[in-house]
1. Scan region 125-145 and report the pairs whose first residue is of a type in the set (K, R) and whose second residue is crowded, with 16+ Cβ neighbours inside 10 Å, with Cβ atoms within less than 8 Å and a gap of 6+ or a chain change.
2. Quick one: count up the residues across region 88-125 that are under 24 Å from the mean Cα position of the chain (by Cα) and of a type in the set (G, A, S).
3. Output the qualifying pairs, or none if there are none: Cβ atoms under 6 angstrom, residues six or more apart or on different chains, first residue in region 178-207 and without any contact (Cβ under 8 Å) to a residue 40 or more places away in the chain and closer than 14 Å to A233 by Cβ, second residue near the ligand (Cβ under 7 Å from one of its atoms) and aliphatic (A, V, I, L, M).
4. If you take the residues of region 10-57 that are open to solvent by 80 Å² or more (accessible area, probe 1.4 Å) and of a type in the set (S, T, N, Q), which of them is nearest to the chain's Cα centre (by Cα)?
5. Within region 206-218, take every residue that is closer than 24 Å to I90 by Cα and within 8 Å of the ligand (Cβ to nearest atom) and give me the one that is least open to solvent (accessible area, probe 1.4 Å).
6. Taking I102 as the residue in question, decide whether it is over 23 Å from R169 (Cα atoms), open to solvent by 60 Å² or more (accessible area, probe 1.4 Å) and among the β-branched types (V, I, T).
7. Would you mind finding the one in L185, L200 that is near the ligand (Cβ under 6 Å from one of its atoms) and open to solvent by 30 Å² or more (accessible area, probe 1.4 Å)?
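The values are calculated or read from the model by the stated rules, or taken from the named source; none is laboratory data. None of the values given here were measured: they were computed from a predicted structure. With ideal geometry, Cβ positions are generated from the backbone for all residues, glycine too; neighbour counts draw on all protein chains shown. Surface accessibility is based on the protein's heavy atoms, side chains included, excluding ligands, DNA and RNA. Shrake-Rupley method; radii C 1.70, N 1.55, O 1.52, S 1.80 Å.
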Amino acid sequence: MIDAWIDAFYRLLNQIGFPDPLHAALVHMPIGLVMGAALFGWLALLPGRERFQITARNCAVLAFLFWFPTALFGYMDWRHFYHGASLNPITMKLLLAGLLLILLAGALFFAFRRPLLARKVTPVIYTLCLITAVLLGWFGARLVYGGKTGAEGKPAYALGEKIFVAHCRECHPGGGNIMEPDEPLVGSDKLQSPETFIALLRQPKAPMPAFPPAALTDADARELYRYITNVLAQSGR
Ligand code: HEC
């Protein structure tokens, strides 16, 4: 039910020309603001620069507010682009996002309620926030860019590779299968011909999601097939 709403939402975005994950667009807000909070928090320790404490606090308030849409879009992207698959980087991101929220809330508690203590304590908490945010970005990058796909320098397979990265890699990195390691993509007898392959995509065995023609045209599926059989299956990974 929720997934149907989410998919409808992304279809709408697609129609107005925005096919990309939303989280990536918004994530700069909390990260940038946490950087600002840490920077001004430390500057406020300089003599005569106490008022930077307010700047730091304002940054932290905004970072706190932007946490919510950023996390929400992250969740929606995960349901939509990753079909809700349980992946290690996702688990880490959930834990770190929770930690970031707690740290920000803690910093704001000091900043508003204990102003005298705040000048000494908050720069440390803001810095912990920054470290957490950097780790969040690191796991995000692993999710998006991790796992080489093998078509570097083989432009004939670039389109197939792109389709693979967008639709298959999260569950089949390197041609394997993270959900059911005994059922790797590479080596499947469904790769015998483009026809058997396309038939599988239209009606796979759960929990693999189906790819109807609306999600992946026959022409795209053939490009994908060429990439899988000529590059991925040959790379020995
Ligand atoms: C959400 C995770 C997920 C995604 C995304 C996914 N798969 Fe799968 N795939 C699986 C699982 C789980 C299986 C094992 C299913 C089973 O029990 O046969 C599987 C099996 C396969 C098999 C072997 C089937 C067989 O019966 O031998 C092939 C081939 C395959 N997937 C291709 C793809 C391609 C191509 C894509 C991208 C268009 C893709 N998969 C996307 C999870 C996924």
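1. R142/P89
2. 3
3. Listed by first residue and then by second, the contacts come to K190/L200; F197/L191.
4. Taking the candidates together, the pick is N14.
5. Filtering first and then ranking leaves F211.
6. yes
7. On inspection, the qualifying residue turns out to be L200.
Residue-wise test of (1) β-branched (V, I, T); (2) under 24 Å from D77 (Cβ atoms).
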{"position": "V165", "(1), (2)": "yes, yes"}
{"position": "R169", "(1), (2)": "no, yes"}
{"position": "N177", "(1), (2)": "no, yes"}
{"position": "L191", "(1), (2)": "no, no"}
{"position": "K205", "(1), (2)": "no, no"}
